Each structure stands twice: as C-alpha cells, then as structure tokens.
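The values are calculated or read from the model by the stated rules, or taken from the named source; none is laboratory data. Computed from a prediction, not measured in an experiment: that's the story for all the values here. Note that each Cβ is placed from the backbone with ideal geometry, even for glycine, and that neighbours are counted across all protein chains shown.
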Amino acid sequence: MTFVKNLKSVTNQKWTVSEKYPGVRWKYLIDGDFTKSSSLSLGFCEIAPGGNLTLHYHSPAEIYVITNGKGILNKSGELEEIKKNDVVYIDGNAKHGLKNIGTETLEFYWIFPTDRFSEIEYFSSN
C-alpha cells in the first residue's frame, strides 16, 4: 500500500502533550492509530526553548531527523550537541533524552519500526 500525506494537512491535528515532558508537544503523521501503516510510524515533535524530553528508554530503536533549532542529546549519559539537519540513530533500550538549549523551537521527526506509537512502552530512567 502506498499513500501520500501532505504535511500541511496535519496542522489541523491537535498537539499531544504530557506533564512528564515539559515544553514538549507532538503530532502523529504516519501511525496505525490514525492512518493506514504497517511496520513504521512517524511523528513530528517540538521542544520549546528550555523544554526537556527527559531521560527515558523503550525497546524499539528510533531515529530523529532534526529540522530546526539545537539541543543537547543525552544518550546513556553521553552528551552531544545536535542541530538542524542532523540525523540521530538511537539503539533499542538505550537511555536517551533531549533538551532544547537554543532560543528557537527544536523541531524534529521521529521514526519507529512499529505500526503505531501506542505500541511503544516508555520507561523513565529515574
């Protein structure tokens, strides 16, 4: 199955937020709960300046494609600055977090090898 989804069409979709991740909001773009998909899910995330996707882990691997801003990626305690146009691969079960250290919104796509985001169990590393 193939389909095309115009990224502008997701602007009508409501943002999802969680108290666990201050300053972070996201939308689902390709996801079995919202669109027909299998084996991959894709979403878009924004982290406000000073916002923090706190340290966590999950069993599937993940990819970030950074489209705007800059941040500090914490991968199992190893800190690395990331910025627009970077691509990040995160191993399954690797502890990771992302903090916006810039003055612009940090924006990125995430990709999981799952039918839907709701299948992923997030664990806090605290």
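Would you mind stating whether Glu104 is surrounded by fewer than 19 Cβ atoms within 10 Å (Cβ to Cβ), without any contact (Cβ under 8 Å) to a residue 60 or more places away in the chain and not hydroxyl-bearing (Ser, Thr, Tyr)? Explain how you work it out, then say what you get.
Working: surrounded by fewer than 19 Cβ atoms within 10 Å (Cβ to Cβ): yes; without any contact (Cβ under 8 Å) to a residue 60 or more places away in the chain: yes; not hydroxyl-bearing (Ser, Thr, Tyr): yes.
Criteria met by Glu104.
If I go through region 102-126 residue by residue, how many of them are assigned to a strand (DSSP E or B) and more than 17 Å from Ser37 (Cα to Cα)?
Residues of region 102-126 assigned to a strand (DSSP E or B): 106-112, 123-124.
Of the ones still in play, those that are also more than 17 Å from Ser37 (Cα to Cα) are 106-108, 123-124.
Total satisfying the criteria: 5.
Any idea which of Glu80, Glu121 is surrounded by fewer than 15 Cβ atoms within 10 Å (Cβ to Cβ) and closer than 22 Å to Gly50 by Cα? Break it down into steps so the answer makes sense when it comes.
Working: Glu121 fails: closer than 22 Å to Gly50 by Cα.
Exactly one residue qualifies, and that residue is Glu80.
May I ask you to verify whether Gly50 is out of contact with any helix residue (DSSP H, G or I) (no Cβ under 8 Å at 6 or more places or on another chain), surrounded by 13 or more Cβ atoms within 10 Å (Cβ to Cβ), at pLDDT 95 or above and on the phi > 0 side of the Ramachandran plot? Explain how you work it out, then say what you get.
On the way: out of contact with any helix residue (DSSP H, G or I) (no Cβ under 8 Å at 6 or more places or on another chain): yes; surrounded by 13 or more Cβ atoms within 10 Å (Cβ to Cβ): no; at pLDDT 95 or above: yes; on the phi > 0 side of the Ramachandran plot: yes.
Criteria not met by Gly50.
So, in region 90-114, exactly how many residues are in contact with a Pro (Cβ under 8 Å, 6 or more places away or on another chain), closer than 14 Å to Leu42 by Cα and not aromatic (Phe, Trp, Tyr)?
Final tally of qualifying residues: 2.
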